[in-house]
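The values are calculated or read from the model by the stated rules, or taken from the named source; none is laboratory data. None of these values were measured; they are calculated from a predicted model. With ideal geometry, Cβ positions are generated from the backbone for all residues, glycine too; neighbour counts draw on all protein chains shown.
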Amino acid sequence: MILTGELAQQIVDNIMPIVHQNVNIMNDAGIIIGSGQKHRLGTFHKGARDVIDTGAVVEIYPEDLARYPGSLPGLNWPIALGAQIIGVVGVTGHPDAVRNTAELVKMVTELILEREMLMGEFRSQSHLHEQFATLLLSEHAAASYAQLEARAKLLKFDLALPRLVAVANVRPLLESAYHQYGAHDLVSARTQESLLQLLGASDLVAPEDMVAFLENRMIILKHFARATASQAIGEWGDALVRLVNAGNPAASLHLGLGSLVGSPLKLHDSYQEALYALDNPPGDGAVASIYDFALLTAYLLQSPRGLAACEAVKALREKLTARLDAKYDMRNTVRRLLDNNLNLSLTAKALFIHRNTLVFRLKKLEQLTGLSPGRDVNHAILCKILCS
């Protein structure tokens, strides 16, 4: 890790109000790069240079100043990360008077730098995830598939697994952090890291999943088994929102869920559905899913490609055609029901079946698909779409 002047000065500015002593931080060349005495910045500190050369603490008493150009009385400790000395931290004052303070300052400085190193690694990993998710969820993913495969291999991300896209607006959480600590990239990174740690400590985000932050949104590429029911997906979303909101009362997290898809090139569509769900929730709940029939209906009516691309629609159509049509003539039944303005008697007459037979068919439709066109206008619209 390279100790920069900006970081050194930040550490000095944070520590000095606590210890009430001047603190200097020197780089591995013995140059003062952080100090409470600003006129000393950029000057050479002989005591620090000796610490770098020997790895030992250098104590400078008033009578020793002639031997240490650029120095004042005080204690100078090596700053070590792992086995490497990357700089020196010094506390100004008589060595016997500041010994305990200097040791404390050294420990705090090393802890801050270790944290910064971990944050640097987090930011690097986060940036890789952001780039990968941006490419994967774009309309141009197919044209860049070779690049996607290479990045997926690097990130140990299995592209073959079925997944859906979940999108959360984390702006309220970031704004709460900014209000407490100030608007700064470091605050944003630490807030994101806290979210990742919270989710990673639960069983809601697994190693095969990926979390990325795109602007003020948290994107989760979540793996589910292909046959996972929409109810189970919704329950996962509810659990995630409860977890985040419990740990961050100011978060008020809301989540949008797209369709579960079997191909990585379909994740773009799942992402668009999740965005729509997040921005157009059908009720007051914190989780909005494309599998909600009211939301799905609204999405299909406004999205030109939704009918052909939405996997939630395809799953409904598959149930209707593969499992209901052959045995119960379901598509024709639904068409007749809609043509007759949902009147059961007229529909049964048009189909040349008993009214009870029609009621039985409609119960089967509801059991397998959840659709009840006679009771909900959104269900009726979906049935019209599916049977057209």
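Could we say that Arg115 is within 21 Å of Asp13 (Cβ to Cβ) and not hydrophobic (A, V, I, L, M, F, W, C) here? Spell out how you get there, then give the answer.
Values: within 21 Å of Asp13 (Cβ to Cβ): yes; not hydrophobic (A, V, I, L, M, F, W, C): yes.
Answer is yes for this residue.
Quick one: which of Gln272, Gln302 is modelled with pLDDT under 95, over 19 Å from Gly370 (Cα atoms), among the polar types (S, T, N, Q) and not assigned by TED's automatic domain parsing to the domain that holds Leu365? Please lay out each step first, then the result.
On the way: Gln272 fails: modelled with pLDDT under 95.
Answer to the selection: Gln302.
Quick one: would you say Glu110 is loosely packed, with under 15 Cβ neighbours inside 10 Å, of a type in the set (D, E, K, R) and closer than 16 Å to Val12 by Cα? For Glu110, the condition - loosely packed, with under 15 Cβ neighbours inside 10 Å, of a type in the set (D, E, K, R) and closer than 16 Å to Val12 by Cα - is not met. Screening the candidates Val98, Val91, Val108 for the property of being among the aliphatic types (A, V, I, L, M), farther than 13 Å from Asn27 by Cβ, out of contact with any strand residue (DSSP E or B) (no Cβ under 8 Å at 6 or more places or on another chain) and in contact (Cβ under 8 Å) with a residue 40 or more places away in the chain yields one hit, Val108.
Within the range 299-318, the set of residues being in a helix (DSSP H, G or I), touching a helix residue (DSSP H, G or I) at 6+ places or on another chain (Cβ under 8 Å) and either under 18 Å from Leu358 (Cα atoms) or among the small types (Gly, Ala, Ser) (or both) comprises Gly306, Ala309, Ala312.
Contact annotation: residue pairs with Cβ atoms under 7 Å, 6 or more positions apart or on different chains, pairing a residue in the range 360-388 that is without any contact (Cβ under 8 Å) to a residue 24 or more places away in the chain with a partner that is assigned to a helix (DSSP H, G or I), are Ser372/Glu366; Ser372/His379.
Selection of first residues in the range 160-179 that are at pLDDT 95 or above and of second residues that are of a type in the set (Asp, Glu) and surrounded by fewer than 24 Cβ atoms within 10 Å (Cβ to Cβ), restricted to Cβ pairs under 8 Å at least 6 apart or on distinct chains, gives the following pairs, ordered by first then second residue: Leu161/Glu208; Arg163/Asp209. Whenever a residue of the range 131-150 is under 18 Å from Leu161 (Cα atoms), its partners that are of a type in the set (D, E, K, R), lying with C-beta atoms within less than 8 angstrom and at least six residues away or across chains, give the pairs Phe132/Arg151; Leu135/Arg151. Considering the range 14-49, the residues that are in contact (Cβ under 8 Å) with a residue 12 or more places away in the chain and of a type in the set (D, E, K, R) include one that is surrounded by the most Cβ atoms within 10 Å (Cβ to Cβ), namely Arg49.
Evaluated against (1) in a loop (DSSP other than H, G, I, E, B); (2) surrounded by fewer than 18 Cβ atoms within 10 Å (Cβ to Cβ), Leu3 falls short on exactly one condition, (2). Got at least one residue in the range 75-83 being crowded, with 18+ Cβ neighbours inside 10 Å, at pLDDT below 95 and in contact with a Ser or Thr (Cβ under 7 Å, 6 or more places away or on another chain)? Within the range 75-83, one or more residues are crowded, with 18+ Cβ neighbours inside 10 Å, at pLDDT below 95 and in contact with a Ser or Thr (Cβ under 7 Å, 6 or more places away or on another chain).
Checking each residue in the range 111-138 for being at pLDDT 90 or above and either assigned to a loop (DSSP other than H, G, I, E, B) or in contact with a helix residue (DSSP H, G or I) (Cβ under 8 Å, 6 or more places away or on another chain) (or both) picks out Phe132, Leu135, Leu136, Leu137, Ser138.
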